[in-house]
1. Once you keep just the Cα pairs under 8 angstrom separated by 6 or more residues, what percentage relative contact order results for the stretch 41-120?
2. How much length is gained on full extension from residue 91 to residue 115, taking 0.36 nm per residue of separation minus their Cα-Cα distance?
3. So how much slack lies between residue 123 and residue 21, counting 0.36 nm per residue of separation and subtracting their Cα-Cα distance, in nm?
4. Using a 1.4 Å probe on the protein heavy atoms only, what accessible surface does residue 117 show? Give it in Å² to the nearest 10.
5. If each of residue 150 and residue 34 carries a label point 7 Å out from its Cα toward its Cβ, how far apart are those two points in nm?
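The values are calculated or read from the model by the stated rules, or taken from the named source; none is laboratory data. The structure displayed is predicted, hence computed values, not measured ones. Backbone-built Cβ (ideal geometry, glycine too); neighbour counts: all protein chains shown. Only protein heavy atoms, including side chains, enter the accessible area calculation; ligands, DNA and RNA are left aside. Shrake-Rupley method; radii C 1.70, N 1.55, O 1.52, S 1.80 Å.
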Amino acid sequence: MPENTSKLSPSITAMIRLDHMHVLAAAHRYHACTPWWRKRAIVNGVCAALEIHAQLEEEIFYPALERALGNEETLAKSRPQHDEMRATIARLRATGPEDAAYDGLFYQLIREVVHHVADEETILLPDAERLLKSELRSLGAAMTKRRMQLVGERPGEIALNTAKTFPVATVLLASAVLLALRHCLPKARCRSRAASADGTTSS
Ligand SMILES: [Fe+2]
Ligand SMILES: [Fe+2]
């Protein structure tokens, strides 16, 4: 990735905190009385986000931190904690939202996530900000690049689950895009007509 792009990138630690916030915000949408189709969308969205997040940390963040920290205790526990979450995700996927065990499995997954996120946010991220200062943005850029590839492998799944998990936010975003288009298109048409009248028609 070009050096300028790296300089403009958010730091890897900011991205990791944002991912954690996103997953926990989605989890807060889940209640025992939530309709089954929405429970499934929330669970699928949270599971996909966790899988991508864990892979990004294992490929980019943990190796950089291992180089700086060596064999630190919390860091050494991180991959096994990811594997624990992956096992719970596999059990959730083998169960449907109509099953009595579904709620309990999802709450178990969120307890595992909260415990793991607490370790990262109180120990590993501050360590990274202390020890990897000059690398944080370039690592963030590497994480964005790899995220694009991983999200690209499952685009429809992520967009659909996000829309069902945050329906109001999705409608507001879509409305904002439509408003922006309505605002911009007439101006673009006027410019195009003016250019035609001047004989400088654009292609
Ligand atoms: Fe994390
Ligand atoms: Fe993690």
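1. Details: 28 pairs, mean separation 22.4, N = 80.
After rounding, I find 28 percent.
2. Working: separation 24, 0.36 × 24 = 8.64 nm, distance 1.92 nm.
That works out to 6.7 nm of additional length.
3. Details: separation 102, 0.36 × 102 = 36.72 nm, distance 1.70 nm.
Additional length available on full extension: 35.0 nm.
4. About 20 Å², rounded to the nearest 10.
5. 2.1 nm
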